[in-house]
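Quick note: the coordinates plus some simple rules give every number you see, no bench work behind them. The model shown is predicted, which means the values in this text are computed figures rather than measured ones. Cβ coordinates were reconstructed from backbone atoms using ideal geometry, including for glycine residues, and neighbour counts include every protein chain displayed.
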Amino acid sequence: MVVTEPGAIVVVGGEAILGAAVVASLEASGRRVIATSHRRGPAPLDLAAAAATWPIPAGVTAACICAAVTSIDDCRRFPRAAEAVNVTGTITLARRLVAAGVRVVFPSSSLVFDGTRPRPRSATTQA
């Protein structure tokens, strides 16, 4: 897919700390942004329940997936719910967006590792 004119950028998790900063930066640069969260927005999205059926807004050419269960305590207490959002929902949405020709950015952190090794490098894989 060749994009000749930039379209809208959807920011999933646009109300959270990282997502809100991405939205503000994109809007400041003049880009059209559709910010969504599981609670509200022009295109609300609950990654745990609707990633497979969420209607991708028209005109979207890029997406930044910033939504996640970020509390380590919540991930430990509710592992199935965290996995539904952080793994299943995210992968399902990303695959749908890519299939629709949307470029996807998915920022991550060192928390994707189990903590047994300090300062993992970006090319490190989990054993």
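Within the stretch 37-55, is even one residue surrounded by fewer than 18 Cβ atoms within 10 Å (Cβ to Cβ), of a type in the set (S, T, Y), farther than 30 Å from R121 by Cβ and out of contact with any strand residue (DSSP E or B) (no Cβ under 8 Å at 6 or more places or on another chain)? For the stretch 37-55, residues surrounded by fewer than 18 Cβ atoms within 10 Å (Cβ to Cβ), of a type in the set (S, T, Y), farther than 30 Å from R121 by Cβ and out of contact with any strand residue (DSSP E or B) (no Cβ under 8 Å at 6 or more places or on another chain): present.
One line per residue, one yes/no per condition, for (1) at positive phi; (2) in contact with a helix residue (DSSP H, G or I) (Cβ under 9 Å, 6 or more places away or on another chain); (3) touching a residue at least 12 places away in the same chain (Cβ under 8 Å):
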{"residue": "I56", "(1), (2), (3)": "no, yes, yes"}
{"residue": "D73", "(1), (2), (3)": "no, no, no"}
{"residue": "R96", "(1), (2), (3)": "no, no, yes"}
{"residue": "F106", "(1), (2), (3)": "no, yes, yes"}
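Per the listing A84, A63, A28, the residue uniquely among the aliphatic types (A, V, I, L, M) and closer than 17 Å to A99 by Cα is A63.
If you check A52, A62, A82, A99, which single one turns out to be among the hydrophobic types (A, V, I, L, M, F, W, C) and within 21 Å of V22 (Cβ to Cβ)?
On inspection, the qualifying residue turns out to be A62.
Scanning the stretch 5-36 for residues that are touching a strand residue (DSSP E or B) at 6+ places or on another chain (Cβ under 6 Å), charged (D, E, K, R) and without any contact (Cβ under 8 Å) to a residue 24 or more places away in the chain returns a single hit, E27. If only residues of the stretch 57-77 that are closer than 14 Å to S108 by Cβ and small (G, A, S) are counted, the one that is surrounded by the fewest Cβ atoms within 10 Å (Cβ to Cβ) is A68.
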